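> If you scroll down you'll find the structure; I have some questions about it.
The values are calculated or read from the model by the stated rules, or taken from the named source; none is laboratory data. Just so it is clear, the structure is predicted and the values come from calculations on it, not from any experiment. Because the Cβ atoms are built from the backbone with ideal geometry, glycine has one as well, and the counts that use them run over all protein chains shown.
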Amino acid sequence: MTDIPGTTRDLIEEQINIRGVLVNIVDTAGIRETVDLVERIGVERSKEMIIDADLVLLILDGSEGLTEDDRKIINWLGDRRALVLLNKTDQPLLIDEKELASLTKADIIKTSMIDGSGIDELKDYLYNMVYSGQLRPTSQVFITNTRHKEALLRADRYLNDALEAISAFMPLDMVTIDIREVLAALGEITGDSLTEDLIDKIFADFCLGK
């Protein structure tokens with residue numbers, strides 16, 4: 001990936017944690033008219049990903065005016081759930097904000113990757129959308145491995161046992177036994193092994209009410 005327009009071909013996918021909310025972010029090639037066959041493939045991949053996305057983040061360069069490609073993208077998005085990030089606000093804004101607002105129903109947040117302005121506002125926006133129910137993931141996770149399914153059911157059972165033990169104000173050692181079993185079951189799926197350090201971390205600040 002470079003800063004030269006039209007050179008991004010592949011989808012770059014990453015997961016980030018925003019205040020306890022796991023967000024899957026996919027960076028795509030820019031959408032624009034092109035005669036380059038390889039770039040067109042990247043553009044088509046981008047369009048397919050946008051159709052499947054729960055939320056589209058449209059990043060515009062605020063240090064430049066709206067281009068014809070920008071207008072086409074905004075028009076193509078239509079009523080899809082989107083958020084416009086007006087980037088490079090650390091530089092003089094040359095984009096016509098009134099025109100931008102008239103072209104889209106999406107909310108607009110001003111950001112700068114240089115000084116970090118707008119990043120906290122973006123995190124708040126995503127967090128609030130999830131917890132207000134406005135953003136509901138449409139994808140589902142399917143378990144196709146029988147061994148994984150059995151491990152998850154076992155982890156769920158031991159987790160409920162731990163919660164019941166806590167509610168009954170049972171000794172911490174009893175709760176620890178159930179938590180060990182939960183972690184062991186999940187470790188069968190992830191490949192992680194249970195360690196005493198992990199147990200200590202879980203209960204470092206744990207306190208049962210009296």
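> Assuming Leu66 fulfils every condition listed in (1) part of a helix (DSSP H, G or I); (2) in contact with a helix residue (DSSP H, G or I) (Cβ under 7 Å, 6 or more places away or on another chain) apart from one, which condition is it?
The single condition Leu66 does not satisfy is (1).
> Condition check: of a type in the set (D, E, K, R), modelled with pLDDT under 95 and not in a helix (DSSP H, G or I). Does Asp156 satisfy that?
Values: of a type in the set (D, E, K, R): yes; modelled with pLDDT under 95: yes; not in a helix (DSSP H, G or I): no.
In short, no.
> Of the residues that sit in segment 20-60 and are modelled with pLDDT of 75 or more and of a type in the set (D, E, K, R), which one is nearest to Asn128 (Cα to Cα)?
Ranking the qualifying residues of segment 20-60, first place goes to Asp54.
> I need every pair where a residue in segment 122-138 that is at pLDDT 75 or above has its Cβ under 6 Å from the Cβ of a residue that is outside any loop (DSSP other than H, G, I, E, B), sequence separation at least 6 or different chains.
Leu122/Ile109; Lys123/Ile18; Leu126/Ile18; Tyr127/Ile18; Tyr127/Val21; Val130/Val21
> Looking at (1) exposed (fewer than 14 other Cβ atoms within 10 Å of the Cβ); (2) at positive phi; (3) modelled with pLDDT of 90 or more, which is the only condition Lys88 fails?
Every listed condition holds for Lys88 apart from (1).
Rundown of residues vs (1) touching a Leu at 6+ places or on another chain (Cβ under 7 Å); (2) assigned to a loop (DSSP other than H, G, I, E, B); (3) not assigned by TED's automatic domain parsing to the domain that holds Ile50, yes/no style:
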| site | (1), (2), (3) |
| --- | --- |
| Val84 | yes, no, no |
| Pro92 | no, yes, no |
| Tyr127 | no, no, no |
| Glu164 | no, no, yes |
| Thr176 | no, no, yes |
| Ile179 | no, no, yes |
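> Still on this model: So, in segment 160-210, of the ones that are modelled with pLDDT of 80 or more, among the charged types (D, E, K, R) and over 21 Å from His148 (Cα atoms), which residue ends up surrounded by the most Cβ atoms within 10 Å (Cβ to Cβ)?
In the first step, residues of segment 160-210 are kept if they are modelled with pLDDT of 80 or more; the result is 160-187.
Then drop every residue that is not among the charged types (D, E, K, R), which leaves 161, 164, 173, 178, 180-181.
This time we only want the ones that are over 21 Å from His148 (Cα atoms), so: 164, 173.
Working: Glu164: 12, Asp173: 8.
Across segment 160-210, the extreme among qualifying residues is Glu164.
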